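Below is one structure; the comments refer to it alone.
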Amino acid sequence: MNFSVIPEVDAPINLAPQTLLEEIIQNINTILLTPKGSVPLDRNFGTSWAFLDRPTPIAESMIVADVLDAIEEYEPRVTIVDITFFTNDLTGKITPRLEVSINE
């Protein structure tokens with residue numbers, strides 16, 4: 001089963017997700033939006049934000065490498081099938097869209 005995940009900054013946190021899919025999406029969102037080094041007892045949790053202020057092609061490559069590693073480490077129940085990007089030409093903001101498959 002494949003599904004898409006786009007990180008949402010304002011997504012509510014549900015401490016008792018009703019489904020496996022809801023739990024996995026919430027976990028991926030948390031991993032993607034947590035800056036690496038910001039969790040006191042696990043400094044490797046999250047993703048590096050070293051891509052900031054880099055040219056778009058370089059930033060996208062850095063994001064892909066880091067996201068693949070972080071999801072493999074912290075959400076092993078899924079496999080990333082594809083990562084695409086939306087870029088806001090006015091602000092330069094890059095938003096990843098992950099196509100994910102649940103491991104059986």
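The values are calculated or read from the model by the stated rules, or taken from the named source; none is laboratory data. Keep in mind that this is a model prediction, so the values were computed, not measured. Glycine gets a Cβ as well: all are built from the backbone with ideal geometry, and neighbour counts include every protein chain shown.
Those residues that are surrounded by 13 or more Cβ atoms within 10 Å (Cβ to Cβ), among the charged types (D, E, K, R) and within 14 Å of L32 (Cβ to Cβ), I need them from region 72-90; list them, please.
Matches in region 72-90: E75 only.
Examine region 17-38 for a residue that is part of a strand (DSSP E or B), touching a residue at least 12 places away in the same chain (Cβ under 8 Å), touching a Gly at 6+ places or on another chain (Cβ under 9 Å) and not charged (D, E, K, R), and state whether such a residue exists.
Checked against the condition, which is being part of a strand (DSSP E or B), touching a residue at least 12 places away in the same chain (Cβ under 8 Å), touching a Gly at 6+ places or on another chain (Cβ under 9 Å) and not charged (D, E, K, R), region 17-38 yields at least one hit.
Of the conditions (1) farther than 21 Å from P12 by Cα; (2) surrounded by 13 or more Cβ atoms within 10 Å (Cβ to Cβ), K93 satisfies every one except a single condition; which number is it?
Tallying (1) farther than 21 Å from P12 by Cα; (2) surrounded by 13 or more Cβ atoms within 10 Å (Cβ to Cβ), K93 fails exactly one: (2).
Within the set of pairs 6+ apart or on separate chains, which have a first residue in region 79-90 that is outside any strand (DSSP E or B), a second that is surrounded by 12 or more Cβ atoms within 10 Å (Cβ to Cβ), and C-beta atoms under 9 Å apart?
Pairs found: N88/I94; N88/T95.
Take region 1-16 and flag every residue that is small (G, A, S), surrounded by 12 or more Cβ atoms within 10 Å (Cβ to Cβ) and either assigned to a loop (DSSP other than H, G, I, E, B) or touching a Gly at 6+ places or on another chain (Cβ under 6 Å) (or both).
Within region 1-16, just A11 meets the criteria.
Could you tell me which residue of region 5-61 is farthest from S101 (Cα to Cα), considering only residues that are touching an Asp or Glu at 6+ places or on another chain (Cβ under 7 Å) and among the hydrophobic types (A, V, I, L, M, F, W, C)?
Here the residue is I31.
Being in a loop (DSSP other than H, G, I, E, B), of a type in the set (D, E, K, R) and either touching a strand residue (DSSP E or B) at 6+ places or on another chain (Cβ under 9 Å) or surrounded by 12 or more Cβ atoms within 10 Å (Cβ to Cβ) (or both) is the filter here, so list the residues in region 43-71 that pass it.
Result: R54, single match.
Within region 24-58, work out how many residues are among the acidic types (D, E) and modelled with pLDDT under 95.
The total comes to 1.
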